[in-house]
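Chemist: The structure under discussion is supplied below as structure tokens; questions concerning it will follow.
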Amino acid sequence: MNILFLIESRREHMMDCYSDDRLMAEHLSRGHDVWASEPIDLILKEGALDVLAYRYHRLEHSVSFIDPTKHPVNDFDLIYFRAMPPVEKDTLLATYLMDKVTTPICNAPSAIRDLNEKLTALLFASYMPPTLISSHPEDILSFAENVGWPLVLKPLDGFQSKGVVKINTANELPELHHLMMAQPYLKDVEITGSKRVFILNGTFIGAISFLPDPGDFRTNFGRVPSYAATVLTSSEAQACEEIGAYLVSKQVSFAALDFIGGYLMEINITCPGGIPEYDKQYGVKLEAVIVDGVISILLA
């Protein structure tokens, strides 16, 4: 079986700390040929879509990508489309090229393009804390009068808590140049962290809590995370069921939901992470469950 991973950067995946690498290694362990390409490796000529793909090569303590070879995209048996938010221009353009590909894709290019992590969560606003999106200080100050201080401000296209700030008073409000998401600060994050919930083919398959450093509230900020085992509340389980059905309708095979204090925060579609941490916490191989599920549905 030939497997292609369409990822934003091969260089960043030459180590065993990314979820992508765990999925690649799992396919390799099953005797599959695993290849990796970046969006700029796509080639459309006379209506035919090819890709320059690099073979995934794995030693005990290192990963490399070798033997670049041009393939028709539709010659692959399965494709994983993984894009780190914010979705970059070349990746966005690649979604249009990939729209007509007949090879099964996890996740659908249209979903990568259309389903922003934070804005898609608003489709299920009943599970979210009060939320405002604006770049205007007067709107944010009025929002704070209703929900109370402090607030948390988040860029709409960020990830790993980058650009997320806590605002304790009106005097701390920064100058804003882009649309931001504002929500009341959820103090529960200091103790229980944020809960990452994995959804496969619309069904819950596991959860893990990521914990902030002492004195901080961000649960992933370019650091080695702390994490702990966790379980779903009844409300979270209900949210997972509803959101899972929606994701299936959008051809999203693998996703991750984030909760803080029982509130839905994000729906991660582009490149759900956390697999290595889940494996270490529970002593399992979540990637094996994911690969089984993706193959059973997309290649059925």
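Every number in this text was worked out from the coordinates using simple rules, so none of it is lab data. Since this is a predicted model, take the numbers as computed values, not measurements. Note: ideal-geometry Cβ built from the backbone for every residue, glycine included; neighbour counts use all protein chains shown.
Chemist: Quick one: net charge of Phe204's neighbours, Cβ under 11 Å, K/R +1, D/E -1? Don't skip to the end; give the middle numbers.
Modeler: Numbers: positive: none; negative: Glu236, Glu241.
Every neighbour counted, the sum reads -2.
Chemist: Still on this structure, please answer the following. Go ahead and estimate [θ] at 222 nm for the chain from helices alone: -39,500 (n - 2.57) per DSSP H run with n ≥ 4, summed, over the residue count, rounded to 500.
Modeler: -8000 deg cm²/dmol
Chemist: Then there's this: Around Leu173, under 15 Å between beta carbons, what's the net of Lys plus Arg minus Asp minus Glu among the other residues?
Modeler: Details: positive: Lys154, Lys166; negative: Glu138, Asp139, Glu145, Glu172, Glu175.
Net charge in that neighbourhood comes out at -3.
Chemist: From Cα pairs below 8 angstrom and at least 6 apart in sequence, can you work out the relative contact order of the chain, rounded to a whole percent?
Modeler: Over the chain, the number comes to 18 percent.
Chemist: Helix 286-298: angle to the longest alpha-carbon principal axis of the chain, degrees 0 to 90, nearest 10?
Modeler: Computed tilt is about 70 degrees.
Chemist: Can you tally the net charge around Ile140? Count Lys and Arg as +1, Asp and Glu as -1, for every other residue whose Cβ sits under 15 Å from the Cβ of Ile140.
Modeler: Residues close to Ile140 contribute a combined charge of -3.
Chemist: Report the relative contact order of the stretch 2-108, percent, no decimals, based on alpha-carbon pairs under 8 angstrom and at least 6 residues apart.
Modeler: Relative CO of the stretch 2-108 lands at 30 percent.
Chemist: Sticking with this structure for a sec: Count neighbours as other Cβ atoms within 10 Å of each site's Cβ, and list the chymotrypsin sites (Phe, Trp or Tyr not before Pro) in the stretch 95-134 that are DSSP loop with at most 11 such neighbours.
Modeler: In loop regions of the stretch 95-134 (DSSP not H, G, I, E or B), there are no sparsely surrounded chymotrypsin sites (Phe, Trp or Tyr not before Pro).
Chemist: Now for a separate question. Is the C-alpha gyration tensor of the chain telling us rounded, prolate or oblate? Criteria: a/c under 1.5 is rounded; beyond that, a/b larger than b/c is prolate, otherwise oblate.
Modeler: Cα axes put the chain in the prolate bin.
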